[in-house]
Amino acid sequence: MSYIIFVQPAVLSTDLAGHPTGMDLGAVLLATCLGSALASILMGLVADFPIALAPGMGENFFFVTVVMALARLGIPDPWQTTLGMVFLSGVAFIVLTWLRVREAVIDAISRSMRNAIAAGIGLFIASIGLQHAGLIVGKPGTLVGLTNHLASADIAVFAAGLVAAGVLLARKVRGALLWGMLASALVALALGKIQYSGIVGLPELHGRAAFQLDIRRALDPSLLPFVIVFLFMGLFDTVGTLVGVAEQAGVLENGKLPRASRALFVDATGITAGACLGTSTITCYIESAAGVAAGGRTGLTAVVTGLLFLLALLLGPLVRMMASYPPLTAPALVIVGAMMMRSARRVEWDDASEAIPVFLTMAGIPLSASIADGLALGFVSYPVVKLLSGRGRDVHLVAYVMAALLVVYFLTVRYRIG
């Protein structure tokens, strides 16, 4: 999971169009390592699970899309306000855990829709990776298309990393994504696209991210849909990862996860702490399964992972060099996106009332270049299709409420964003 150390600063410091978001790369690196270390160590000590935490892939890109949306709305300090939303979603997560109503919230979304969210975000992340590589470019008439400059240095750097990481992953070599980025870096150095600036050293800070969150502005009622999406993404990621890794580790008892409330509380604490430190939603990582496969069965695994995140702070110059050139991290984005697509196989494709909203969600996220808009398409269409097909009782009441709120979002907030 250490690829996030290189990817997260690159993602949060620039928006999807390659423009600066205002967040300092070094400050994001510091927040990523500290937040991941804190949450992972807490998971080990409090819940005693071999599950590590870090800023989630998908949540970080949603964070950037929200920053872009707030900027278009003319809201001052957009990234600080977005950090405030992440903090509020963490607080809501804590409350839901304390009240033991998280199951009802999760049950409001069908299994097919939950898997569609992961697959759609995977497509979105992969499309961003292909754009960062320069392989997919904007074209008149078709909006996007394959570049005409396949012999460029950017494509060579990207191809080297993608092939290396893909082959090593297929051969089940540990650290395949990191080796892929190393291969890209060597090609980039040889072609003069990056300059060697050292490996060991503390992060170079040119601004602050810690305790810059704007909670007051995030409490604006018009921004509630964003907070809800942050909350749901965190819930789905956490529950799915906890159950999946726990099952692999053999710690489930009668099909249920012991100390689940402790684990969920740690995850929610990580979200709020991460927002205070200056990073997007921190969540349980499915890559923890690699630790379990290597023999990890207790919280010691998570504690050691957290300590290694602290040691990673000594790689500041290397991270800055890697994050400064998008084709270096692009292969990791494409491969992570491909891995997230595995969720699509658990969709009930033979049921049209499930398949149609699922497809709208999966296609809507990458094509609208917005996780929020793609989710809204799915969450609104799902109860409508079910109701009109005579299966309205299959839909949880909370899903109808969400659909109504999102219709209001489309007609008000989304309309203002343009």
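The values are calculated or read from the model by the stated rules, or taken from the named source; none is laboratory data. As the structure is a prediction and not an experimental result, all values here were calculated from the model. Virtual Cβ from ideal backbone geometry, glycine too; neighbours counted across all protein chains shown.
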**Q.** Filtered residue count, region 254-290, keeping only those that are under 18 Å from the mean Cα position of the chain (by Cα) and in a strand (DSSP E or B)
**A.** 3
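I want to confirm something. Restricting to region 61-106 and keeping residues that are assigned to a loop (DSSP other than H, G, I, E, B) and either touching a residue at least 12 places away in the same chain (Cβ under 8 Å) or outside the structural domain of Met340 (by TED's automatic domain parsing) (or both), which single residue is nearest to Glu348 (Cα to Cα)? Give the steps one after another, and end with the answer.
Start the filter on region 61-106 by keeping residues that are assigned to a loop (DSSP other than H, G, I, E, B), which leaves 74-77, 100-101.
Checking the rest, the ones that are also either touching a residue at least 12 places away in the same chain (Cβ under 8 Å) or outside the structural domain of Met340 (by TED's automatic domain parsing) (or both) come to 75-77, 100.
Working: Ile75: 41, Pro76: 43, Asp77: 42, Arg100: 29 Å.
Out of the qualifying residues, it is Arg100.
Working only within region 352-374, note down all residues that are among the small types (Gly, Ala, Ser) and over 20 Å from the mean Cα position of the chain (by Cα).
To start, the set of residues in region 352-374 that are among the small types (Gly, Ala, Ser) comprises 352-353, 355, 363-364, 368-370, 372, 374.
Passing the criteria: Ala352, Ser353, Ala355.
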Q: Output the number of the condition that Leu375 fails; it satisfies all remaining conditions of (1) surrounded by 17 or more Cβ atoms within 10 Å (Cβ to Cβ); (2) farther than 30 Å from Ala159 by Cβ; (3) touching an Asp or Glu at 6+ places or on another chain (Cβ under 9 Å).
A: (3)
Q: Only residues that are within 19 Å of Thr32 (Cα to Cα) and β-branched (Val, Ile, Thr): list them for region 304-348, please.
A: Val304, Thr305, Val319, Thr329, Val336
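If you take just the helices (runs of 4 or more DSSP H) that sit entirely in region 306-418, which of them hold at least 3 residues that are modelled with pLDDT of 90 or more and either of a type in the set (Lys, Arg) or closer than 28 Å to Gln8 by Cβ (or both)? Can you show your working first?
On the way: elements: 316-323, 326-340, 352-368, 371-388, 397-411, 413-417.
The helices (runs of 4 or more DSSP H) meeting that bar are 316-323, 326-340, 352-368.
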Q. Looking at region 271-291, is at least one residue outside the structural domain of Gly378 (by TED's automatic domain parsing), of a type outside the set (S, T, N, Q) and free of Cβ contacts under 8 Å to residues at least 12 places away in the same chain?
A. no
Q) With Ile117, Ile121, Ile109 as the choices, which residue is of a type in the set (A, V, I, L, M, F, W, C), buried (at least 19 other Cβ atoms within 10 Å of the Cβ), part of a loop (DSSP other than H, G, I, E, B) and modelled with pLDDT under 90? A) Ile109
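Could you identify the single residue in Met43, Met57 that is in contact (Cβ under 8 Å) with a residue 60 or more places away in the chain, surrounded by 20 or more Cβ atoms within 10 Å (Cβ to Cβ) and assigned to a helix (DSSP H, G or I)?
Numbers: Met57 fails: assigned to a helix (DSSP H, G or I).
When all the criteria are applied, what remains is Met43.
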(Q) I'd like the full set of residues that are in a helix (DSSP H, G or I) and either crowded, with 21+ Cβ neighbours inside 10 Å or of a type in the set (Ser, Thr, Tyr) (or both), limited to region 188-224. (A) Ala188, Ala218, Ser222, Leu223
Q: Take region 125-157 and flag every residue that is more than 24 Å from the chain's Cα centre (by Cα) and closer than 14 Å to Gly18 by Cβ.
A: Gly138, Asp154
Q) Any chance region 159-174 includes a residue that's in contact with a helix residue (DSSP H, G or I) (Cβ under 9 Å, 6 or more places away or on another chain), assigned to a loop (DSSP other than H, G, I, E, B), surrounded by fewer than 18 Cβ atoms within 10 Å (Cβ to Cβ) and touching a residue at least 24 places away in the same chain (Cβ under 8 Å)? A) yes
Q. Applying the selection to region 1-34, what residues are closer than 18 Å to Val334 by Cα, outside any helix (DSSP H, G or I) and either out of contact with any strand residue (DSSP E or B) (no Cβ under 7 Å at 6 or more places or on another chain) or small (Gly, Ala, Ser) (or both)?
A. Ser2, Asp15, Leu16, Ala17, Gly18
